[in-house]
1. Using R₀ = 51 Å, calculate the FRET efficiency as 1/(1 + (r/R₀)^6) where r is the Cβ-Cβ separation of residue A:349 and residue A:54; round to 0.05.
2. If you build a Gaussian network model of chain B, linking Cα atoms that sit under 10 Å apart, which residue out of B:16, B:307, B:134 swings the most?
3. Could you please rank B:232, B:429, A:427, placing first whichever residue has the fewest other Cβ atoms within 10 Å of its Cβ?
4. Tilt of helix A:176-186 relative to the longest C-alpha principal axis of chain A, in degrees (0 to 90, nearest 10)?
5. What is the distance in Å between the Cα centroid of the range B:175-199 and that of the range A:1-54?
6. Can you list the chymotrypsin sites (Phe, Trp or Tyr not before Pro) in the range A:362-423 that are in a DSSP coil and have 14 or fewer other beta carbons within 10 angstrom?
7. Using only the Cα atoms of the protein assembly as shown, build the gyration tensor, take square roots of its eigenvalues as a ≥ b ≥ c, and label the shape rounded, prolate or oblate: rounded if a/c is under 1.5, else prolate if a/b is larger than b/c, else oblate.
8. Taking the Cα centroid of the range A:209-248 and of the range A:62-123, what is the distance between the two, rounded to the nearest whole Å?
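No value in this document is a laboratory result; all are computed from the given coordinates. Only a predicted model underlies this, so the values are computations on that prediction, with no experimental measurement involved. Heads up, the Cβs are rebuilt from the backbone with ideal geometry, glycines too, and the neighbour counts pull from every protein chain shown.
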There are 2 protein chains.
Amino acid sequence: MEVGVGLIGLGNVGLGALQILVENSQSITDKLGFSLHVRAVCSRHVGSKKLPSLDGAVVRTSDWQDVVRNPDIDIVVELIGGTATAGHVIEAALREQKSVVTANKELIALRGAELWSLANQNGVNLAMEASVAGGIPIHTVLREGIAGDRVIELYGILNGTSNFILTEIEKSNAAFDAVLAEAQQLGYAEADPSADVDGLDARSKLAILAALAFGERLSPSDIYTEGIRRIMPVDFQYAHQLQHTIRLLCLARQSDGGLLLSVRPSLIPQSAILAHVTGAYNAVWIRGTYGEDTFYYGRGAGSRPTGVAVVSDIMRVAREIRFGSPERVSPFAHDRLGEFRPLPVSVQELPYYLRFRVEDKAGIIATLATILAKHRIGIDAVLQLPREDWRDLPFVITTEPAKEQSIREALVDIRESDFLVEAPFAMPMQRGF
Amino acid sequence: MEVGVGLIGLGNVGLGALQILVENSQSITDKLGFSLHVRAVCSRHVGSKKLPSLDGAVVRTSDWQDVVRNPDIDIVVELIGGTATAGHVIEAALREQKSVVTANKELIALRGAELWSLANQNGVNLAMEASVAGGIPIHTVLREGIAGDRVIELYGILNGTSNFILTEIEKSNAAFDAVLAEAQQLGYAEADPSADVDGLDARSKLAILAALAFGERLSPSDIYTEGIRRIMPVDFQYAHQLQHTIRLLCLARQSDGGLLLSVRPSLIPQSAILAHVTGAYNAVWIRGTYGEDTFYYGRGAGSRPTGVAVVSDIMRVAREIRFGSPERVSPFAHDRLGEFRPLPVSVQELPYYLRFRVEDKAGIIATLATILAKHRIGIDAVLQLPREDWRDLPFVITTEPAKEQSIREALVDIRESDFLVEAPFAMPMQRGF
């Protein structure tokens, strides 16, 4: 029995996956013991696409229904992205009892559990390795590799664009806007960079990983999310003084009383392996009850790394089609639902990094110290870089571990002061990895 | 249908796996959608073992045949270790058409391909995640996670004991013998440390990983292997001067003409993530044709981390028993055999670190430089730490990239010199990760 594959969407990832299926077909056949056959490719502009030469008769169409209804196709690969058409494609394919492979983080984060149920009802599979951290096989790790463990904490650098921008600021001391413009020119950032630099892309990925790791049905909008637009080069200078660096950190941590989730720029110790993730790379750190710490690192995106994830999923699903039923328990609810409750970030207790830009006046530190003391927040250090032009120079206060709620309340009080040039900027100092 | 499990061997890993199966059973059942049942445990001294309380009737025996022949058992877990009895256990279990889960690196490195064939003939599975890099699910990654890729290079730190010893020497500046004694006291090293510090344990693991990654049937004895006994604290001082550190590096690299394999102490750049693997941790770096670089890190051993690998394998095999046939292509021959040929390490071209201990005589550097020049080896740097007592102080020459064969021939010539206190010590300076 042969297994037929249909690809819908021939953008960056679609062309990468197709290239691997064609170029690497001998190795794939050797590993599987049978061949995969691409039977159809679909794209709005299929006529203008330069495709690798495909064996046998391959339907080229601009209508996705031709793929979903094709009786020679067992696996539909959805690589359109977005939540509208892609949702229709996946639903239709599953109802036609075809397994689906997708790279669609946004759709899976929003509707993963529902679509998985639909797949299960139809006796087929829904595979989504490529939806998070492109080249890192993190789904496989959570689903099979460390399935016997129970995850306690998961930290991730899940957006390559913002990691590239942050590490460029760190390296070159250039301002966010300048580095963003450079990243856009290099093709590392989109014309509208919001999904990347405002943390929304990372949030979708964290929602998926947290669902797989903790079995919770999460809504991405429930995750506290902050982007990297406020990061200044001086923040890295202060962070380095503290033997830390700054990353857009995704966090899912089981605490007393529930699951804490956030996406936000955070200080992390330079001694942590996560601090060595630079450029457009992604990484995931997992702490398990029994297996302790494991760490996974690779390309966060890119045509061929994400293509590997797509093709590896196609191979796994093809094996199931060939050798057995894909009946499985939903990866979105493998622990009992209700065991974890999303916690508000405000309950988190950590040291904080507080950056202030002020006018040159007397008594500023005294005022800030008084307000922090009122909220029972201990000061760990006051940092000020030497500079000729004192005016407008940001300085930093780091705190003893404090409840984020207290920090927030203190910052509300501080905002009433007349010496602030802009609202204070707070980042948690994450520890323990 | 329930799936019955029998454990043979209740040492460190056996007790860890059993603890996880009992304590984490609800999570395991939730993920699988059915329960695992431990039906028998076997150990030479089963009466004296303190076991977690097990549900239902559990056979406790000191005769492994009672487990292998038990009709209620579908999965036999071999955790005895060694190649003698363990080999009989696995063969007998496979012939009884029971799937086998094992942590036995030595046996799998020696007889993996043969045992896998036997499993296949009997329509059952042989799972071995726990045989390499305890807490890191590296088999799952190679078998499924990045199955669509074609591996070009693989680097590993695969022996936790020697990594612990090396990083202790680095940290404390103490001599190898003193650190080894400390590691033995702490239980990190065995009374007979040879398997760890002479690289034999790492060699078995590299043989398994290389077989999985490259589809080659490898004999561990074909792998060039050197241990860490000659490393001195001063080597770390010189390495740090060169912005490098030293690790016992396992390497499998596809070069022109074949596959190059080695286990040996090597200099690696401090900028590499691998340089940040300290203590008893393990790590694997993989470069794929399409997915580029990925990196995996975790506990190399330990009752519970390795127990997670065993339990995750049990879960995967149990799913196959429950939902479909485990018929698979051998992981030991998934690429066409013969495509890779083990290459002699002597063809490797790298910069080398050469350490000399000499008597105080005139003209030593001139003599060494002349011999190296004769073999067309360029000198990159001559390093000598300042020290009061010059006598017996090792100094170092680093070379431009050179064929290892040339280095070896030069060292043979150098050994004829009358100023050497001991044979020169050479390490490659690995790059590219």
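1. Numbers: r = 57 Å, r/R0 = 1.12.
It comes out at approximately 0.35.
2. Fluctuation is largest for B:16.
3. On the way: B:232 16, B:429 19, A:427 24.
Lowest count first: B:232, B:429, A:427.
4. 20 degrees
5. 52 Å
6. Numbers: sites: A:390, A:395, A:419; in loops: A:390, A:419.
Listed in order of number, the matching sites are A:390.
7. On the way: a/c = 1.39, a/b = 1.01, b/c = 1.38.
It comes out rounded by the Cα gyration axes.
8. For the range A:209-248 versus the range A:62-123, the Cα centre distance is 31 Å.
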